[in-house]
Every structure is written in structure tokens, then in C-alpha cells.
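K.L.:
Quick one: the structure is below, questions incoming.
Just so you know, all these numbers are worked out from the coordinates, no wet-lab data involved. All values reported here derive from a predicted model rather than from experimental measurement. Glycine also receives a Cβ, built like all others from the backbone with ideal geometry; neighbour counts cover every protein chain displayed.
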């Protein structure tokens, strides 16, 4: 490639074993202790499971090369990176054979491996890599075994979320009682990134994306609302102009030292987090986004996590994300409530989450100026999450002031 880039399997996506831990990550005893410690802190642990492919040095491929799909198509061209037209057979690279998971022999071996990880380490579920490249036969076989050997046999719940870049229709086709519980909503993420980071994009585009997701996944779903991931440039790099929306973010990460250029991006990020943590679905925070880490696309988006020595903007962002996360965990409308868009303009969005007599209002402002908004409501004595003060109604409405690139959340107790 130009520029010349080099990669290794540091990320763990080039498997050479189905049941061994990479020694660079730790030992079996250490994983047991990690999971136990997480459970003691009321946290679940999901395994990032790679079913689609193995590395060419994997023993299973060396012993059974016929268990892989064909590297070459009938016309003689390479079957690599054919993400859509040959999505169930394409190889990610010439040294990463894609397994033919329509074959019961390899499917049984690999699904047994998944059950081993759950039972041996008491894990709580899977993040499934490259979901759309794996045939449904595999997902149905795996989910049946999970139900029989874990959920029923051990009375233990298992959560499965997939990674699929594609249409909502394709995403939804994998979500049912016989396959996965959810997928990451990349379509909504793409719309949200534009809405919060790109001044030229209207909130009306994001509102349409929200309605489309509700159409395909329902009013109450478990879709993952991501702040970013390993295949995307960091939100901060897009929001502060370090990376343009029309340039190659991977190339930028290789050729520039990307650092935060405009501190207003922290406020944009906080508003984006407020959105993700108050809409239906499960908020998924990509590590480092809670403090506003920046960077280009892979591998620049995988910088080492910084747990301390934060600057003031990073500390403020972390405080905001913590407050939002804690509020979401205890607020019934955000957990179970209906989603109602109340008012959407190019630069503002207001919606309500309703659960019986409880209501939570979220108001967002993406403009560079302070705005004043009237929210129609009959709920008395609304509490401002940010300040804790009680707001008063006038003629069945309430007036709120939202700072530039800011948000307000009101709720009744």
C-alpha cells in the first residue's frame, strides 16, 4: 500500500488456537481472577469471538485446508475483501483463510470452543466479529448449544452482540431468538458522528436515522449504540477538524501526529455521549472516549489507554460521562421508556422518554451559540440533572437555556 504500512496480530484477530490464551495477554489463572473480580463489582465480561477465519498457521487449517472457502473465484480473481458480493466466502487477506461454516464438522468444533470459553471462565457472552460473513447455520448451531448447555443447564444468561457493517435489514436478519440478541448500530453511529461532529449536517438527518432504527429493531431493543470502535477514526479527531470528513483517516493517522486542536470538541463529545446514553439500546463506550482520546483510523485509534494525568478538559469529560452513566442506570424512562421526538431543527433536538408517570426530557444544541427552547410538558417540578434545581412551568411548557455544543436533561422524581 501507499504509504507502506506494517501490521501484526497484536489485536488478536489472527487466531492460531481455539482454546488457548495468548501468553501476551496473561494466563488462565489470571483470566479466572479477572472475571471473578469483575463479577464481584457487578460487571459482566464478554469475549470477542472470531469465528469467520483463522491464521494460516492454525493447526486446524494445516490439517484440513479443505475446511476453508476458496481463495480464488471461478473467474480466477482473488476472493479477498469482497465484503458484499461474496460476503460469506471472502478472505480478509491471503494469509487468513475463511472457514466454511456451512460444514457441520468445523462448525461443531468451533461452537464447542465457544461453549468451552463460557463454561471454563464463567464469561457472560460474546462480541461476535464479522457477523455478516458467517452463515446463519453457524449462529443457529451456536445459540442452540448456548441455550442447552449454559442457559438451561446452568441457569446462566448469555448475551451475544454482533458486528455487521451493512444495511439495517441485514443487521436485523441476525437478531432473533435462534441467533443473536443484538448488533452494533453502525448506521445510527454514522449519522450521529455527522450530526455532532460536522457543523454542516442537520439534526434532521439524525432524527431520520433514529426512526429507521426503531422501524427495524423495535421501540425497545438491545442494539449497541457505539461512541467509536477499532475500525473508525476517533470522534475527537473529526469533531475538532484534525481529520476532514472527505479524507482517508487511516492515511492521516500514519502521516500526522494527531492531537486535539479545538477544545470545543470536548463539549461536542459530551453531547454525543448524552445522546448515546439516553436513547433506546445499550450504550457502548469505546475505551478512551470517556476522556476524549483522539487519533486517526486503525492503528492510530488503538493508542494506549491513559488512566491518569488527564488535563482539565479530559477530567470534565470523564465526570460528565460518569454522571450520565449513573443516571441512566437508575432512570426508569431511559431503561424502559418510549422514545418520542418532540422538536427537531437543523441545530437542536428535543425528545422525551416516557414510562408511566415518569418522564425524562433531553435537549441537544449542536450550534456554536447558546439557544433557548420551550418544551411542552404537563410534568410538574422537573429536575435539572446538571444543576439539580427544580424548574417551574408556565402554561404547560418549560423554558430552558442550552449552551453552545451543549445539552440539558430534565426529569421528574
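K.L.:
Where does each of 275-286, 351-362 land if you order them by average Cβ count within 10 Å, highest first? Write out the running numbers ahead of the final one.
P.N.:
On the way: 275-286: 20.7, 351-362: 18.7.
Packing order, densest peptide first, comes out as 275-286, 351-362.
K.L.:
In deg cm²/dmol, rounded to 500, what helix-only [θ] at 222 nm does the chain give when every DSSP H run of at least 4 residues adds -39500 (n - 2.57) and the total is split over its residues? Kindly include the intermediate steps, with their values, before the conclusion.
P.N.:
Working: 12 runs with 128 residues, N = 413.
-9500 deg cm²/dmol, from helical runs alone.
K.L.:
Shape call for segment 205-327 from the C-alpha gyration tensor, a ≥ b ≥ c root eigenvalues: rounded (a/c under 1.5), prolate (a/b greater than b/c) or oblate? Could the numbers behind the result be given before it?
P.N.:
Numbers: a/c = 1.99, a/b = 1.35, b/c = 1.47.
The shape class here is oblate.
K.L.:
Residue 338 to residue 25: extension gain in nm, 0.36 nm per residue of separation minus the Cα-Cα distance? Please list the in-between numbers first.
P.N.:
Values: separation 313, 0.36 × 313 = 112.68 nm, distance 4.18 nm.
Length gained between residue 338 and residue 25: 108.5 nm.
K.L.:
So what are the three principal axis dimensions of segment 117-246 from its Cα atoms, in whole Å, longest to shortest?
P.N.:
Principal extents (Cα only, largest first): 53, 30, 25 Å.
K.L.:
Apply the a/c threshold of 1.5 to the C-alpha gyration tensor of segment 274-321 and tell me whether it is rounded, prolate or oblate.
P.N.:
On the way: a/c = 2.55, a/b = 1.24, b/c = 2.06.
Note, shape of segment 274-321 comes out oblate.
K.L.:
In addition: Quick one: length gained pulling residue 144 to residue 176 fully straight, 0.36 nm per residue minus the C-alpha distance? Show your work: numbers first, answer last.
P.N.:
On the way: separation 32, 0.36 × 32 = 11.52 nm, distance 1.22 nm.
Result: 10.3 nm gained on full extension.
K.L.:
Whole Å is fine, so just give me how far the alpha carbon centre of segment 335-375 lies from that of segment 264-310.
P.N.:
22
K.L.:
So, one more: Sticking to Cα atoms, compute the Rg of the chain to one decimal and its Dmax as the biggest Cα-Cα distance, whole number, in Å.
P.N.:
22.9, 76
K.L.:
Sticking with this one: Using the beta-carbon distance between residue 309 and residue 286 and R0 = 25 Å, what value does 1/(1 + (r/R0)^6) give for FRET efficiency, to the nearest 0.05?
P.N.:
On the way: r = 20 Å, r/R0 = 0.81.
Once the sixth-power term is evaluated, E becomes 0.80.
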